[in-house]
Amino acid sequence: MTREWKFVLCSDSSAMGERLREILGEQALGRRIPASVAALSEALEQEAADVVFVDFGACDASGCAQCDLAVALTQTVAQQAPEAVRVAIGRSEDSQSVIRALRAGVHEFVDLTLANEVQDTLQRALQLSRPPAGLPHAAPSIAQQLLILGARPGVGASTLGVYTAIALQKKRLEQYRQSHPDFSDMATLPIKQRVCLVDLGWPTGESNLYLNLASEFSFIDASRQLHRIDDTLLKTALAQHSSGMNIISLPMDPNAVRSASLKDCLQLCQVLARHYGVVIIEANGFPNREFLKQLAQSVDQSWLVTDQNMASLIAVADVLSDFDEHPPKLVLNRYDARAGLTAKEIAERFKLALLGVLPDRGWEMIKATNLAELISAGNERDPFNKAIAGMAATLYREAEPSTPVPSKAKTSWLTRWVSHSR
């Protein structure tokens, strides 16, 4: 950290303020303010802080008042100053406060008793959040990210992921061609104009099977080579559909998945978001529920797919128990109004927003899958494709490059605690 930067510390502890200044030395200017939402809002209005530290203290219970306040402060920073790096301060061995800090949306968690680690963590966070010296400041271009979950295997989450990714890719390609009339070679389509489908579903590789695609470079391979990932690697190593959309999947070997680093997998999702225009993560059946919970709070939208089968509806409640703070939107697949409860009634029963319904197109779907094609060859008038287009539009409108939207800061997940969750 060779450049001088500004910080705000939200804490009632003067000792913590002195310790933080001792660690940072002359490389940073900042001040401590009382741990209150009003004081923080006033401070953020008065000056632009590069980093906001929030004191999460020592939390020994889910109802810890200090953690409750720290969560509110973190959310205030995210809303009022999304460009600032949010850093929680606490004890690394206190798992309860670390978990609550991550769920609140901090970018990093530091322990002031570990001075060298604090320096390394802040250096990494600042490098990710702002351009090098001499360049104009610009917010990092982060892809729209969607997480698709299923109530249980077989409800159609993989199919929804494939169709949504292709629908979005077609729209983005149409827009790109309008501004580049000479475009003709799909291989030259910039990565930033592409959609990436991350297939983390279980069983593995179903998206590739649906589209008759293959790649020897898996999601786990990529997570172990984060330092090598660039546009050239993504263009050459990932499977590409004729629409221009890329797919990266889990390896077929389940042992490779179980031995993977949770931290690296989470970071890979963020790396992909810095390269692509849209990242869709389909993770129905993924065996690590903690991974899914952490991933859910870093994406822009989460969709939960189910059908009207009683077993599926019961499974919805089990899935939702992990997503109390970030409830997904509901998608009803193979919907038939004659089956009993209406789509609206099902959504209301689970207190979820109803995103859309997909008609039952069983025979057409089987025929398309066996031919490695889209249903009705992608006919936009087909009721299934029309429903997909409507849901995909909720992401596409936000992804329009001509319509700037304040992007929420994405969690980097480079915390000391997460590094132990392997």
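Below are the figures for this structure:
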read-out	value
Any hit, the stretch 146-160, residues being more than 19 Å from the chain's Cα centre (by Cα) and either assigned to a helix (DSSP H, G or I) or more than 27 Å from V357 (Cβ to Cβ) (or both)	yes
Condition check for I89: among the aliphatic types (A, V, I, L, M), closer than 22 Å to E47 by Cβ and either modelled with pLDDT of 75 or more or open to solvent by less than 10 Å² (accessible area, probe 1.4 Å) (or both)	yes
Selection status of I375, within 19 Å of Y163 (Cα to Cα) and not acidic (D, E)	yes
Which listed residue, of E398, E373, is modelled with pLDDT under 85 and part of a helix (DSSP H, G or I)	E398
Odd one out for W5 among (1) at pLDDT 80 or above; (2) in contact with a helix residue (DSSP H, G or I) (Cβ under 7 Å, 6 or more places away or on another chain); (3) within 25 Å of H326 (Cβ to Cβ)	(3)
Selection count where residues are closer than 16 Å to L112 by Cα, out of contact with any strand residue (DSSP E or B) (no Cβ under 7 Å at 6 or more places or on another chain) and open to solvent by less than 80 Å² (accessible area, probe 1.4 Å), scope the stretch 15-35	5
Single residue of the stretch 215-232 satisfying the filter (in a loop (DSSP other than H, G, I, E, B) and open to solvent by 90 Å² or more (accessible area, probe 1.4 Å)) that is farthest from A157 (Cα to Cα)	R224
Long-range neighbours under 6 Å by Cβ, at least six apart or interchain, first residue at pLDDT 90 or above within the stretch 183-196, second charged (D, E, K, R)	F183/R177; I191/D231; Q193/R172
Qualifying residue in the stretch 36-48 (condition: touching a residue at least 40 places away in the same chain (Cβ under 8 Å) and open to solvent by 40 Å² or more (accessible area, probe 1.4 Å))	yes
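The values are calculated or read from the model by the stated rules, or taken from the named source; none is laboratory data. Small disclaimer: the values here were computed from a predicted structure and weren't measured. A quick note on method: Cβ atoms are made from the backbone with ideal geometry, for glycine too, and the neighbour counts reach across all protein chains shown. All accessible areas refer to the heavy atoms of the entire protein, side chains included, with ligands and DNA or RNA removed. Shrake-Rupley method; radii C 1.70, N 1.55, O 1.52, S 1.80 Å.
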